[in-house]
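Trainee: First the structure, then my questions, so here it is.
The values are calculated or read from the model by the stated rules, or taken from the named source; none is laboratory data. Not measured: the values here are computed from a predicted model. Every residue, glycine among them, receives a Cβ derived from its backbone with ideal geometry; neighbour counts consider all protein chains shown.
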Amino acid sequence: PSAAAELVVPKKADLIFRIQEFDLALVQKMHKQIQLSRKRLEEILHRLKDPRKKWVDQRLQLDDLTQRLIQRMQDRLVSEHERVSWRTENLHAHSPLQRLSEYKEKIDKLRNNILKLYELYISKKRGACQGLEARLKALSPMAVLNRGYSIARTLPSGNVIRDADQVGIGDGLDLLLARGNLKCRVERKSTDGKTDL
């Protein structure tokens, strides 16, 4: 009978070995699940980038364009001034006082036109930047949350819920609000007009 019992009841060493195998497999599976959860969290954080960065980049680009425009305008003014100086010298050499007065008026008009065009350009760019800023603020995840929406995630994995079929009755949820978050449990759900209790 003891030989038959040995065949039916596994040896203690075999049981310990199998338990260790299961323990190792469980640890590896948990480690893999933790890595997947971290990866998902990084993806979510990557998607929720601060929209102010884009606004700041566009603001810097506008400042750069403004500086370049100012430099070009100043270069053009210097060039025009040099041109006028040359012509003035030429006129003084030939003494046509009437033409000199006409050229001075032309330069003043050009300068005024350039300044008006510059102010108009800056005004348009500033308006466009403000429009982009308003659109960025409206698209900000925090702006959406401030309008009363929330982001529902499963517990403990933290997966964003887009479909009622992703959760079951009794599952835990984490609701991210504009200020704070809520831990909830699913009591019932509805899919395509059908309610599960």
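Trainee: Tell me, please, whether a residue that is hydroxyl-bearing (Ser, Thr, Tyr), under 31 Å from the mean Cα position of the chain (by Cα) and at pLDDT below 90 can be found in the range 172-194.
Mentor: If we filter the range 172-194 for residues that are hydroxyl-bearing (Ser, Thr, Tyr), which is where we start, we get 190-191.
In the following step, the residues that additionally are under 31 Å from the mean Cα position of the chain (by Cα) were identified as none.
No.
Trainee: Taking the condition part of a loop (DSSP other than H, G, I, E, B) and at pLDDT below 90, does Lys53 pass?
Mentor: No: the conditions fail for Lys53.
Trainee: Kindly evaluate Tyr103 against the criterion of being of a type in the set (Phe, Trp, Tyr), surrounded by 11 or more Cβ atoms within 10 Å (Cβ to Cβ) and modelled with pLDDT of 90 or more.
Mentor: So Tyr103 fails the test.
Trainee: When you scan the range 133-181, how many residues do you find that are assigned to a loop (DSSP other than H, G, I, E, B), of a type in the set (Ser, Thr, Tyr) and within 21 Å of Arg40 (Cα to Cα)?
Mentor: The qualifying residues number 3.
Trainee: Let me ask something else about it. In this structure, is Gln58 polar (S, T, N, Q), assigned to a helix (DSSP H, G or I) and either in contact with a Leu (Cβ under 6 Å, 6 or more places away or on another chain) or at pLDDT below 90 (or both)?
Mentor: yes
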